[in-house]
1. Which pairs do you get when a residue that is within 15 Å of V14 (Cα to Cα), found in the range 35-58, comes within reach of a residue that is among the polar types (S, T, N, Q) and surrounded by fewer than 17 Cβ atoms within 10 Å (Cβ to Cβ), reach meaning Cβ atoms under 6 angstrom, with the pair 6+ apart or on two chains?
2. Please tell me if M15 is surrounded by 10 or more Cβ atoms within 10 Å (Cβ to Cβ) and out of contact with any strand residue (DSSP E or B) (no Cβ under 7 Å at 6 or more places or on another chain).
3. Take the residues in the range 30-49 that are touching a Lys or Arg at 6+ places or on another chain (Cβ under 9 Å) and of a type outside the set (S, T, N, Q), then tell me which one is surrounded by the fewest Cβ atoms within 10 Å (Cβ to Cβ).
4. Does the range 51-61 contain any residue that is outside any helix (DSSP H, G or I) and either modelled with pLDDT of 95 or more or of a type in the set (V, I, T) (or both)?
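The values are calculated or read from the model by the stated rules, or taken from the named source; none is laboratory data. None of the values given here were measured: they were computed from a predicted structure. Note: ideal-geometry Cβ built from the backbone for every residue, glycine included; neighbour counts use all protein chains shown.
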Amino acid sequence: MTAASSELLTVPEVMTRLKLGRTKVYDLIRTRRLVSIKVDGCRRIPTSAVRAFIQAQMGDAA
């Protein structure tokens, strides 16, 4: 695993990358469509999870 693939993003960073609102990002996390972890009570999303989500969406659209 490279440093870039293991980078952890905050919810606002994911909102910016996916161009989605806060509620939608938390909905994706709640429904397990976007993998996340908690670090001392703070929600973090691995960049690899964001990439996997995008790939899954592209597959669904095809």
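1. Qualifying pairs under 6 Å: S48/S5.
2. Working: surrounded by 10 or more Cβ atoms within 10 Å (Cβ to Cβ): yes; out of contact with any strand residue (DSSP E or B) (no Cβ under 7 Å at 6 or more places or on another chain): yes.
Spelling it out, M15 is indeed surrounded by 10 or more Cβ atoms within 10 Å (Cβ to Cβ) and out of contact with any strand residue (DSSP E or B) (no Cβ under 7 Å at 6 or more places or on another chain).
3. Here is the first cut: in the range 30-49, the ones touching a Lys or Arg at 6+ places or on another chain (Cβ under 9 Å) are 36-38, 44, 47.
Narrowing the set further to residues that are of a type outside the set (S, T, N, Q) leaves 37-38, 44.
Values: I37: 11, K38: 8, R44: 17.
Here the answer is K38.
4. Keep residues of the range 51-61 that are outside any helix (DSSP H, G or I), which gives none.
No: zero hits.
For (1) of a type outside the set (D, E, K, R); (2) modelled with pLDDT of 95 or more; (3) in a loop (DSSP other than H, G, I, E, B), each residue gets a yes or a no:
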site	(1), (2), (3)
M1	yes, no, yes
A4	yes, no, yes
V14	yes, yes, no
R17	no, yes, no
T23	yes, yes, no
Y26	yes, yes, no
L34	yes, yes, yes
